[in-house]
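Chemist: Got a structure for you, questions after.
Only the coordinates and a few stated rules stand behind these numbers; no lab work does. Predicted, not measured: the structure shown is a model, and the values here were computed from it. Ideal geometry is used to build each Cβ from the backbone, glycine not excepted, and the neighbour counts take in all protein chains shown.
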Amino acid sequence: MELVLYPAEVLGRRAALVPDPVSVEVYARAMVRLMREREGIGLAAPQVGLSMRFFVLGVDRDREQVFVNPRIVRTSRRMVRSEESCLSLPDVTVEVPRAAVIDVQAWDERGEPFEIRARGLAARAIQHELDHLNGVLCIDRVDMKRRERISRRLEVLSRNGSATRSAP
Ligand SMILES: [Zn+2]
């Protein structure tokens, strides 16, 4: 399993619904491993080249969660600005506004539906990963001025093409 880097086409595509949540279990396990190796706190299927609507979350150190066909059903009106990075955008950090609290419905890798309320870092990470399923990157969420600041770095990544980095 390889990490897909910006500007790979799959990162800009809307991912497809997963017909059977149980079918992602093997992928999800490999994604958790990759996420932990790279010290990420979340990894979405398009980031490993799978255009499917699921992601793994690892905000808590020893607990991972799989979200299949996730849907945000409620968002707080309060927004929080904070810095974000992305395993698909190495050495890029951008400040992104996100809803402070969200309620999310999804299925886990055993096919069980669940709903959780997320705050803080978990709320931010879930919104970031869910964006990936819609072909949206954190750099798409910043204003022109902030984008300008990272434009040189994005050029370098673009020049490298949609190269992938293999997992160690
Ligand atoms: Zn990301």
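Chemist: Work out the charge dipole of the chain with +1 on the Cβ of Lys and Arg and -1 on the Cβ of Asp and Glu about the Cα centre, then indicate which of His132, Thr75, Ala118 is farthest towards its positive end.
Modeler: The residue sitting farthest along the positive end of the dipole is Thr75.
Chemist: If you don't mind, another one. Under 19 Å from a label point 7 Å along Cα→Cβ of Glu9: give me every residue in region 29-69 with its amide N that close.
Modeler: Counting backbone N atoms under 19 Å from the label point, the list is 45-53.
Chemist: Shifting gears a bit: Looking at Pro97, Asn160, Phe55, which one has the Cα that reaches farthest to the positive end of the dipole of region 2-160 (charges on Cβ: Lys, Arg +1; Asp, Glu -1)?
Modeler: Pro97
Chemist: Further question: Place a point 7 Å from Cα of Ser82 in the direction of its Cβ. Which residues in region 34-75 have their backbone N less than 13 Å from it?
Modeler: 41-42, 59-60, by backbone N distance to the label point.
Chemist: First measure r as the distance between the Cβ atoms of Val156 and Arg38, then evaluate 1/(1 + (r/R0)^6) with R0 = 22 Å and state the FRET efficiency to the nearest 0.05.
Modeler: Here the calculated transfer efficiency is 0.70.
Chemist: With charges only on Cβ, +1 for K and R and -1 for D and E, what is the dipole size of the chain about its Cα centre, in debye, rounded to 20?
Modeler: I would put it at about 620 debye.
Chemist: Related question: Calculate I(q)/I(0) for region 27-118 by the Debye formula, one identical point scatterer on each C-alpha and no solvent, and give its log10 at q = 0.14, 0.20, 0.25 Å⁻¹ to two decimals.
Modeler: Each listed q corresponds, in turn, to -0.56, -1.13, -1.41.
Chemist: State, as an integer percentage, the relative contact order of the chain based on alpha-carbon contacts under 8 Å between residues 6 or more apart.
Modeler: Reported as a whole number, the value is 31 percent.
Chemist: Per residue, how big is the convex hull of the chain when only Cα atoms are used? Give it in Å³.
Modeler: Cα-based convex hull of the chain, divided per residue, equals 105 Å³.
Chemist: Once you put a point 7 Å from the Cα of Met144 and another 7 Å from the Cα of Asp20, both along the Cβ direction, what distance in nm separates them?
Modeler: 5.0 nm
Chemist: If you don't mind, another one. In nm², what is the average projected area of the convex hull enclosing the Cα atoms of region 1-73?
Modeler: Projected area, direction-averaged: 5.2 nm².
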